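The values are calculated or read from the model by the stated rules, or taken from the named source; none is laboratory data. Because the structure is a prediction, the values reported are computed rather than measured. Cβ sites come from the backbone with ideal geometry, for glycine too, and all protein chains shown count toward neighbours.
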Amino acid sequence: MTHSPEDVGATFAAFAEAVSENPTGAAVEFGNRKSLTYAEVYRLVQEEATLLRAAGVRQGSRVLLDVANRSRGVLGYLTLQSVGAVPVPADLTRGVQDRIDSMIQDTGASHRYSFGQGTESSIAAIQGLPEPPSESEFALDYVLFTSGTTGRPKGVPISRDNVRAYVAALSHLYPERSGARVSATFDLTFDLSVHDMLLAWTRRATLVFPGVREVNDPVRYITRRQLTHWFSVPSMIRLLPSGPPARNLEAGGSSLEIAMFCGEALRTGDALAWRGIVPASRLLNLYGPTEMTISCISHEVTTIDTSRPTIPIGRPYPGVEVSLDERGALSTAGPQRFPGYLRDGTVQDPGSVWYETGDLVRHHPAGLEFVGRADDQLKVRGFRIEPLDVEHGVSVACPHLGGVVVVERDGELLALHTGGADTRIDRAAVGEHLPSYMIPDRFVRVEALPMNGNGKVDRAAASRMVEKQGLVT
């Protein structure tokens with residue numbers, strides 16, 4: 001199928017090429033084991049595209065895409081890109097309305113869209129039909145939102161040129177092979193999901209969605225679905241069992257060829273655990289903020305230095321530049337760098353070719369090694385989370401909790417509070433103020449929150465208190 005790269009999104013362009021070369025191959029396999037070929041998906045997308053055009057969606061339109069259902073979300077993503085529109089993934093079913101409203105304002109979104117095949121589809125205009133924004137210097141491919149330090153999420157637009165640069169980097173990391181089967185562990189509100197689509201469809205492979213019982217069971221997911229490529233946040237390694245199922249995977253029941261981890265630091269212990277279960281597969285640690293298009297630095301793990309707490313993040317992709325200041329704060333630049341944050345429908349001039357990641361790193365024989373954050377931002381299951389945003393949402397929803405401070409421990413988000421011993425936590429109320437990934441996994445009562453000499457909550461001391469006092473087991 002021929003589509004001009006200037007008229008469609010980069011992911012759809014890659015998909016359309018695969019339709020021409022592998023029309024009868026499986027493009028997607030759903031959790032119920034049913035699959036659709038490349039030709040079948042293409043036909044569905046073209047039928048849906050007719051509905052979008054009739055509703056006024058056109059080149060450059062920014063459209064809120066409902067991704068509450070991930071498999072439908074992927075098909076909707078392709079449909080929007082097929083007409084040159086810009087997907088803005090959001091959970092429109094369970095999302096916090098204030099957050100959705102700010103996404104609409106910052107993107108200038110013209111429509112809300114939910115893929116459902118024909119009569120089940122939903123496409124609705126938002127505040128009339130604004131003219132598509134002028135993008136003379138760049139054409140946007142998609143927009144994702146990250147947590148903001150002021151409580152307002154930040155819109156990160158990624159251009160088609162950014163994605164093309166990333167695809168070039170993929171060819172550097174992963175050779176093509178027929179019959180590959182790629183995992184799909186990420187929500188579409190997370191940019192690593194774009195990696196999965198690109199990796200699968202530039203390789204004419206199958207994107208395999210997990211079934212209900214496979215979502216939190218990597219061994220079942222890998223073995224029963226015969227995955228060849230695995231990609232997840234490192235904390236999923238901690239879901240691996242230590243019993244016979246894991247040993248069966250090691251014994252040869254796995255077709256896995258490569259495992260990739262990204263979104264948070266890959267701990268040495270987790271890498272050792274994975275190596276012990278799947279010793280024959282390649283193991284890659286990827287690094288990159290959303291603003292640098294998915295990932296921009298990588299390290300293939302061949303040996304594991306047990307004297308260090310984490311695995312190196314490695315060396316930058318071709319064309320990506322890195323710079324460290326005297327503290328070790330990392331800045332990045334290059335063709336994958338986003339054009340600037342979206343605000344009130346307009347891409348803001350970033351004012352510099354460098355993106356300041358806020359991460360602290362140091363030099364390592366393998367390239368770079370992650371040390372920590374230069375601020376209070378947390379990474380939990382790959383999502384960037386501002387503790388102040390969570391603390392505010394929890395305090396508004398549950399004012400009876402008293403003081404609240406949020407910390408991370410072993411991949412979980414903990415909310416320490418000074419409420420009474422019989423305090424009831426209303427998770428539904430918290431969910432009205434925070435998206436699901438920002439809701440604390442556990443609420444832990446403490447007698448008092450640690451303070452520093454200025455009378456402010458000492459976050460570092462709170463983290464140490466959790467560890468030393470055994471508040472969570």
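Some observations on this one:
- Scope the range 34-68; condition among the charged types (D, E, K, R) and out of contact with any Lys or Arg (no Cβ under 8 Å at 6 or more places or on another chain); matching residues: Lys34, Glu40, Arg43, Glu47, Glu48, Arg53, Arg58, Arg62
- Candidate set from the range 417-443 (those that are touching a Lys or Arg at 6+ places or on another chain (Cβ under 8 Å) and under 25 Å from Val233 (Cβ atoms)); member that is surrounded by the fewest Cβ atoms within 10 Å (Cβ to Cβ): Ser436
- Qualifying residue in the range 76-91 (condition: part of a loop (DSSP other than H, G, I, E, B) and within 18 Å of the chain's Cα centre (by Cα)): yes
- Residues located in the range 291-305, provided they are modelled with pLDDT of 95 or more and either under 22 Å from Ile158 (Cβ atoms) or among the acidic types (Asp, Glu) (or both): Glu291, Met292, Thr293, Ile294, Ser295, Cys296, Ile297, Ser298, Glu300
- Ser82 touching a Phe, Trp or Tyr at 6+ places or on another chain (Cβ under 9 Å), surrounded by fewer than 21 Cβ atoms within 10 Å (Cβ to Cβ) and assigned by TED's automatic domain parsing to the domain that holds Pro210: no
- Hey, Arg152 crowded, with 16+ Cβ neighbours inside 10 Å, modelled with pLDDT under 95, among the charged types (D, E, K, R) and not in a loop (DSSP other than H, G, I, E, B) or not: no
- Long-range neighbours under 9 Å by Cβ, at least six apart or interchain, first residue in a loop (DSSP other than H, G, I, E, B) within the range 49-72, second modelled with pLDDT under 90 and of a type in the set (Val, Ile, Thr): Ala55/Ile123; Gly56/Ile123; Val57/Ile123; Ala68/Thr93; Asn69/Thr93
- Residue in the range 276-284 that is in a loop (DSSP other than H, G, I, E, B), in contact with a Phe, Trp or Tyr (Cβ under 7 Å, 6 or more places away or on another chain), aliphatic (A, V, I, L, M) and under 23 Å from Arg381 (Cα atoms) present: no
- When residues of the range 174-226 are limited to those that are over 19 Å from the mean Cα position of the chain (by Cα) and of a type in the set (Gly, Ala, Ser), the one modelled with the lowest pLDDT: Ser178
- Exclusive hit being assigned by TED's automatic domain parsing to the domain that holds Asp359, over 16 Å from Ser232 (Cα atoms), in contact with a helix residue (DSSP H, G or I) (Cβ under 8 Å, 6 or more places away or on another chain) and of a type in the set (Gly, Ala, Ser), set Gly314, Gly319: Gly319
- Which listed residue is charged (D, E, K, R), under 21 Å from Gly155 (Cβ atoms), modelled with pLDDT under 95 and assigned by TED's automatic domain parsing to the domain that holds Ser159, from Arg327, Arg308, Arg343: Arg343
Residues are listed down the side, and each one gets a yes or a no for (1) farther than 15 Å from Leu284 by Cα; (2) touching an Asp or Glu at 6+ places or on another chain (Cβ under 7 Å); (3) surrounded by fewer than 23 Cβ atoms within 10 Å (Cβ to Cβ):
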| position | (1), (2), (3) |
| --- | --- |
| Ala168 | yes, no, yes |
| Ser171 | no, no, yes |
| Leu188 | yes, no, no |
| Arg213 | yes, no, yes |
| Pro218 | yes, no, no |
| Trp230 | no, no, no |
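- Matching residues, the range 173-186, being part of a loop (DSSP other than H, G, I, E, B), touching a residue at least 40 places away in the same chain (Cβ under 8 Å) and surrounded by fewer than 18 Cβ atoms within 10 Å (Cβ to Cβ): Arg177, Gly179
- Count - residues of the range 46-102 that are within 15 Å of Met197 (Cα to Cα) and not β-branched (Val, Ile, Thr): 13
- Where strands (runs of 3 or more DSSP E) fall wholly inside the range 302-394, the ranges with 1 or more residues that are surrounded by fewer than 21 Cβ atoms within 10 Å (Cβ to Cβ) and free of Cβ contacts under 8 Å to residues at least 60 places away in the same chain are 321-324, 329-333, 355-364, 367-373, 378-380.
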